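Written below as structure tokens is the structure these notes are about.
The values are calculated or read from the model by the stated rules, or taken from the named source; none is laboratory data. Being a predicted model, the structure only gives us computed values, none of them experimental. Reconstructed Cβ throughout: ideal geometry from the backbone, glycine too, with neighbour counts over all protein chains shown. We work out accessible area using only protein heavy atoms, side chains counted, and drop any ligands, DNA or RNA first. Shrake-Rupley method; radii C 1.70, N 1.55, O 1.52, S 1.80 Å.
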Amino acid sequence: MGKSLSLQFGLFILICSLFSCTDSKGVVKDVEAFNLAVQNAQPGDKIILANGIWKDAELIFTGKGTAEQPIILTVEEKGEVTLEGQSNLRIAGEYLHVEGLVFKNGYTPTKEVISFRKSKEELCNNCRVTECVVDNYNNPERFESDYWVSIYGKKNRFDHNYLTGKRNHGVTLAVRLNTEESRENHHRIDHNYFGHHPILGANGGETLRVGTSHYSLTNSNTVVEYNYFDRCNGEHEIISSKSCQNIYRYNTFHECQGTLTMRHGNETLVESNYFFGNRKANTGGIRIINETQTVKNNYCEGLTGYRFRGALVIMNGVPNSPANRYFQVTNSEASNNTFVNCDHIQLCAGSDEERSAVPINSKVENNIFYNDQKDELFTVYDDISGISFNGNLINENAKPITASGFQNTSLNFKRNDDGLLIPQDEMAKEKGMVPTEGRATPDNTGVTWYPRIEDEVFFETGKTIAVKAGINTLYEAIQKSTAGDVLELESGNYVVEKSIDLKHPLSIVSKASEKPTIQFQRTSLFNIENGGSLTLKNMVIDGSEAPDAHGNTVIRTSRYSMIRNYKLFIEDCEFKDLDVNHTFDVLRVYKNTFADSIVLRNSTFTKVDGNVLALNKETDDIGIYNAENVVIENCHFKDISGIVLNLHRGGRDESTFGPMLVVDKSTFDNVGKGKRNKADASISLHGVQVAHIKNSQFNSCEPLKLHLVVGEPITKIQDCNFARTPAIQDNGEPYETENLSFN
Ligand code: CA
């Protein structure tokens, strides 16, 4: 050892003894020790994070390992090291290997949790991140955007990681091509488990994105294989491929509401992927846009999605499209894929005045399109003469969409050991997909040492607790409750003197033949805070004890951003006397909150000097909205000064499926005539994607207003009577009506 080296070594020992950092095995106990270890790391070295919680740890891992001797960042014991608070990781250099980190209980202070770069100039090449976990590590501001993982540089691998519960805006995993050094990258993304990604209710909820429109005509050469996608429902695009020459294969999509979308870029191969919709709503398959795309040997079963979420979607393009719109489909193919019990195959989807360039030089060959419940699977939105159809098998009674290229047949499917439906028939040979040796499963993806998280809203999974009538008995019972509990009320009067914050799912029910009555004395009775959800069943909500001041509400959401979607169910209830002063609402929602479902059923609402459901607080008109599903069934609304339902989704964005609405068997008496009802409507729908209003009666109400925009909304008004109520007001867009009467 030379003199200066030994001096350095001595200094190192001195520092370590002063700060108790790296021990002889390479275990570091704090960020300073970590930094020092990084500075001194040589190829083959291991830096080991000590067991425990690393709070606000911003780790920058740089260095140059070699192919044979990478520098390794790992943990003392897997599952015993967590990075929390405002922690993140940046890596830059060559042959660095990261393993076993867990991010939870916090969120990144920067744009990314794990970034394959230190700065714009210092990137990663030949690095690997494996067996890491990012669990609900979300910025509490719903629309404050961040990425959990950004991959830059070249030849990096991201594998066997578990990413679950992305709830704020921003892609879960992005491959970035923003400098030359990150293009033609040959990254490999494999064997990851992408857990539940709840509906965002806006664009920006992709689980995986490769490239951006800006660099979409450059090659990325990224391979995405053997990944498991579990209910990745953020938005229309589970995967948004936005660059050239990517490969997606052997991935499994379990009940995902969206599609693998070739959004931009060309020459992408989508081969031998497996989609299982299990008949869940809005589950989709593969969407083709652009040039020279190959879709072959994929298996799609039980997908129900429509339009941009079809099992197979071939889009129309925009003539001379700008980079961020839709290029024409040309020279592309979908061959030897199996679509079994999928509901919708969409051709020339998105056809409109702007998207008028139909697919050309493309082929759809030797696929099986078979559905044992439904004969007509194809929707043809425009001229399909640019697609050649050959050798496809369809149901015996289905009507082919072209004169040749489809053969009617009855197929006999048998489920194989791997859970796939395979036709046993001779004529199905050489048709459809051939099962591959392997594919992603829950067992061969993610990590083995961290539990799979299941934290969605579930009612009635906890205890049942009897609550006596009286003053604040309900308040006290709720304070003691835990997630999924059922509070059971007896007949009698419940007075609540304080506002109740709901932070977990809770059911408040009664089985009494005489409904209990709840009165409250604050400006709101229930506040659905982040994580809260509410079911009310069989009770009277009486507003007469509320403060004599304007602005009361029975239920409100958090006034602040909520990243957890909530559910609200009101059944067999009677809301009355919400009129001690003006602007007294049933439900008041705030911006940056989102309901998966709001259901009003078998309930009455009488004398409300405000709104029932004003779901119109996202006013930026960028495709964001307040509720995915709204159901009003067998309800009676009488003497409502405000609006019963104002459902608003503004802007031109097409990334979401909702909002969706059903109104059935309901009566509206004297609704909407208060001077503060600026909507001048009893129901107002703006940008709602699916609306079905039926079997309902409107008496002396303000009109029903429809503003139909974006995404070919499906609107049907059926079997309704409008007495002393003005005609339906619309914006000139077509919708379906059946058996309406006005008198
Ligand atoms: Ca998107």
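For residues in segment 464-474 being touching an Asp or Glu at 6+ places or on another chain (Cβ under 9 Å) and outside any loop (DSSP other than H, G, I, E, B), which is surrounded by the most Cβ atoms within 10 Å (Cβ to Cβ)?
Restricting to residues being touching an Asp or Glu at 6+ places or on another chain (Cβ under 9 Å) and outside any loop (DSSP other than H, G, I, E, B), the top hit is V467.
Kindly state which strands (runs of 3 or more DSSP E) lie completely within segment 104-192 and contain at least 3 residues that are in contact (Cβ under 8 Å) with a residue 40 or more places away in the chain, assigned by TED's automatic domain parsing to the domain that holds N626 and on the phi < 0 side of the Ramachandran plot.
none
Is it the case that R439 is more than 20 Å from H344 (Cα to Cα) and buried (at least 19 other Cβ atoms within 10 Å of the Cβ)?
yes
Of everything in segment 214-259 that's open to solvent by 30 Å² or more (accessible area, probe 1.4 Å) and polar (S, T, N, Q), which residue is nearest to the ligand (Cβ to nearest atom)?
Q257
Being assigned to a helix (DSSP H, G or I) and open to solvent by less than 40 Å² (accessible area, probe 1.4 Å) is the filter here; which residues of segment 543-590 pass it?
Within segment 543-590, G543 is the sole residue that qualifies.
If I filter segment 67-74 for residues that are among the small types (G, A, S) and surrounded by 19 or more Cβ atoms within 10 Å (Cβ to Cβ), do I get at least one hit?
Within segment 67-74, not a single residue is among the small types (G, A, S) and surrounded by 19 or more Cβ atoms within 10 Å (Cβ to Cβ).
List the strands (runs of 3 or more DSSP E) that sit entirely inside segment 202-300 and contain at least 3 residues that are under 23 Å from the mean Cα position of the chain (by Cα) and more than 17 Å from M433 (Cβ to Cβ).
Counting at least 3 such residues, we get 208-210, 228-230, 237-242, 259-264.
Against the condition among the polar types (S, T, N, Q) and in contact with a Gly (Cβ under 8 Å, 6 or more places away or on another chain), how does N178 come out, does it pass?
It is false that N178 is among the polar types (S, T, N, Q) and in contact with a Gly (Cβ under 8 Å, 6 or more places away or on another chain).
Here is a check on your reading of the model: is R209 of a type in the set (D, E, K, R) and open to solvent by less than 30 Å² (accessible area, probe 1.4 Å)?
Yes; evaluated as a whole, the condition is true for this residue.
I need every pair where a residue in segment 28-50 that is at pLDDT 95 or above has its Cβ under 6 Å from the Cβ of a residue that is assigned to a helix (DSSP H, G or I) and surrounded by 18 or more Cβ atoms within 10 Å (Cβ to Cβ), sequence separation at least 6 or different chains.
Final answer for the pair search is V28/F34; V28/A37; I47/A37.
Rundown of residues vs (1) open to solvent by 10 Å² or more (accessible area, probe 1.4 Å); (2) outside the structural domain of T593 (by TED's automatic domain parsing); (3) in contact with a strand residue (DSSP E or B) (Cβ under 8 Å, 6 or more places away or on another chain), yes/no style:
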position	(1), (2), (3)
Q479	yes, yes, no
T482	yes, yes, no
V486	yes, yes, yes
L506	no, no, yes
Q519	yes, no, yes
F526	no, no, yes
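Which condition does N178 not pass, out of (1) surrounded by fewer than 24 Cβ atoms within 10 Å (Cβ to Cβ); (2) at pLDDT 95 or above; (3) over 24 Å from the mean Cα position of the chain (by Cα), if it passes all the others?
Looking at each condition in turn, N178 falls short on (2).
Residue pairs, Cβ under 7 Å, 6 or more apart or interchain, first in segment 236-252 and farther than 21 Å from T218 by Cα, second near the ligand (Cβ under 10 Å from one of its atoms) and among the hydroxyl-bearing types (S, T, Y). List them.
H236/S655; H236/T656
Kindly indicate whether D639 is open to solvent by less than 30 Å² (accessible area, probe 1.4 Å) and more than 16 Å from the ligand (Cβ to nearest atom).
The answer is no for D639.
Hey, G195 hits all of (1) away from the ligand (no atom under 16 Å from the Cβ); (2) open to solvent by 10 Å² or more (accessible area, probe 1.4 Å); (3) of a type outside the set (D, E, K, R) but one; which does it fall short on?
So G195 meets the others, but not (2).
Out of (1) under 20 Å from I345 (Cα atoms); (2) within 15 Å of the ligand (Cβ to nearest atom), what's the single condition that is false for L269?
(2)
I'd like the full set of residues that are in contact with a Ser or Thr (Cβ under 7 Å, 6 or more places away or on another chain), crowded, with 19+ Cβ neighbours inside 10 Å and free of Cβ contacts under 8 Å to residues at least 60 places away in the same chain, limited to segment 306-326.
Matches in segment 306-326: V313 only.
Are any residues in segment 652-679 open to solvent by 40 Å² or more (accessible area, probe 1.4 Å) and either within 30 Å of the chain's Cα centre (by Cα) or at negative phi (or both), and if so, which ones?
R652, V662, T667, K673, K675, R676, K678, listed by residue number.
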